Amino acid sequence: MKIIRVKDNKEAGEIVSDILLEEVKANSKVVLGLATGSSPISTYENIILKTKDQKIDWSGVTTFNLDEYKGLESDHIQSYRYFMNEKLFNHINILKENTYIPSGLINSDEEAKKYDKLIKEKGGIDLQLLGLGINGHVGFNEPGSDFEGLTSIVDLTKSTIEANSRFFENQDEVPTQAISMGLKSIMSTGKIVLIATGESKAEAVKHLVEGPISIEWPCSILLNHQNVTIVIDEGAAKLLK
Ligand code: GLP
């Protein structure tokens with residue numbers, strides 16, 4: 001696991017945007033896995049600026065997002081589709097039909113699994129961007145979920161609902177379920193870049209870097225992946241040996 005230490009989330013965005021843009025420059029048909037949450041926002045801001053400056057072409061790129069809230073239509077202001085359009089897709093020349101996000105209207109795991117099939121059909125994800133939940137979740141794979149899991153409907157824990165309520169009017173509006181790529185889906189990607197900043201992530205980062213691999217800290221499975229880079233600030237690194 002490669003660890004890049006940064007001053008803050010702003011610097012993380014500068015570095016991670018370069019990592020993603022190098023992939024796009026090296027392969028105009030690259031398949032990227034993308035994430036939502038506050039952690040990658042500075043990365044997307046930098047991507048937009050650098051794409052304009054360096055005239056980077058996204059027209060051949062395909063993206064797959066990790067997750068979506070169950071029950072939210074794609075035009076719902078809190079949906080991850082809305083987030084991705086606003087924060088990134090509307091500002092670069094990517095073709096919307098090449099941007100995939102699990103549908104929040106999926107009603108069965110059978111239907112959800114088609115997402116993994118689609119990823120395979122598109123050649124697999126070359127690079128997956130990840131954030132990190134306070135409780136160690138990646139995507140929406142909460143503690144206790146299955147290391148062998150593919151895309152499925154998942155229950156959100158109370159702590160995740162609380163943490164994510166900051167984006168909603170009040171806690172009651174936060175969906176209690178989501179559709180998320182599974183840990184196996186995430187482990188099948190070629191390279192992983194994870195951003196974690198702020199002290200609230202310190203305990204999860206400790207489990208991610210030092211193990212042991214345990215489903216109580218889903219992020220710890222990344223210790224078994226061959227190509228992981230984590231970008232962390234001082235707060236997130238606070239509990240590391
Ligand atoms: C959310 C998302 C995750 C994200 C995480 C951290 O619930 N489903 O993909 O990585 O929580 O969020 P943030 O970056 O806002 O701290």
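The values are calculated or read from the model by the stated rules, or taken from the named source; none is laboratory data. Model, not experiment: these values are computed from the prediction. FYI the Cβ positions are ideal-geometry reconstructions off the backbone, even for glycines, and counts take in every protein chain you see. Please note that ligands, DNA and RNA were not included when accessible areas were found on the heavy atoms of the full protein model with its side chains. Shrake-Rupley method; radii C 1.70, N 1.55, O 1.52, S 1.80 Å.
The antiparallel fraction among DSSP beta bridges confined to the chain stands at about 30%.
For segment 56-76 versus segment 87-123, the inter-centroid distance based on Cα atoms is 6 Å. Projecting each Cα onto the charge dipole of segment 2-237 (Lys/Arg +1, Asp/Glu -1 at the beta carbon, about the Cα centre), which of Gln226, Tyr69, Leu150 comes out farthest on the positive side? The Cα lying farthest towards the positive end belongs to Gln226.
Size of the chain from its Cα atoms: along the principal axes, largest to smallest, the extents are 42, 42, 35 Å. Taking GluC sites (Glu not before Pro) in DSSP loop conformation with at most 13 other Cβ atoms inside 10 Å as exposed sites, the chain has its longest uninterrupted site-free stretch at 74-147.
Loop-only check: which chymotrypsin sites (Phe, Trp or Tyr not before Pro) in segment 134-241 are DSSP coil with at most 16 other Cβ within 10 angstrom? Counting only loop positions with at most 16 other Cβ atoms within 10 Å, the chymotrypsin sites (Phe, Trp or Tyr not before Pro) in segment 134-241 are Phe147, Phe168. Report summary: the helix-based calculation at 222 nm, which adds -39500 (n - 2.57) for every DSSP H run with n ≥ 4 and divides by the residues of the chain, gives -9000 deg cm²/dmol. Normalising the average separation of contacting C-alpha pairs (under 8 angstrom, six or more residues apart) by the number of residues puts the relative contact order of segment 95-241 at 27 percent. For segment 1-160, the relative contact order works out to 24 percent when only alpha carbon pairs closer than 8 Å and six or more residues apart are counted. Taking trypsin sites (Lys or Arg not before Pro) across segment 11-102, the ones in a DSSP loop with at most 16 further Cβ atoms lying within 10 angstrom of their Cβ are Lys29, Lys55.
Counting only protein heavy atoms and using a 1.4 Å probe, the accessible area of His225 comes to about 20 Å². Relative to the Cα centre, the charge distribution of the chain, modelled as +1 at Lys and Arg Cβ and -1 at Asp and Glu Cβ, gives a dipole magnitude of about 740 debye.
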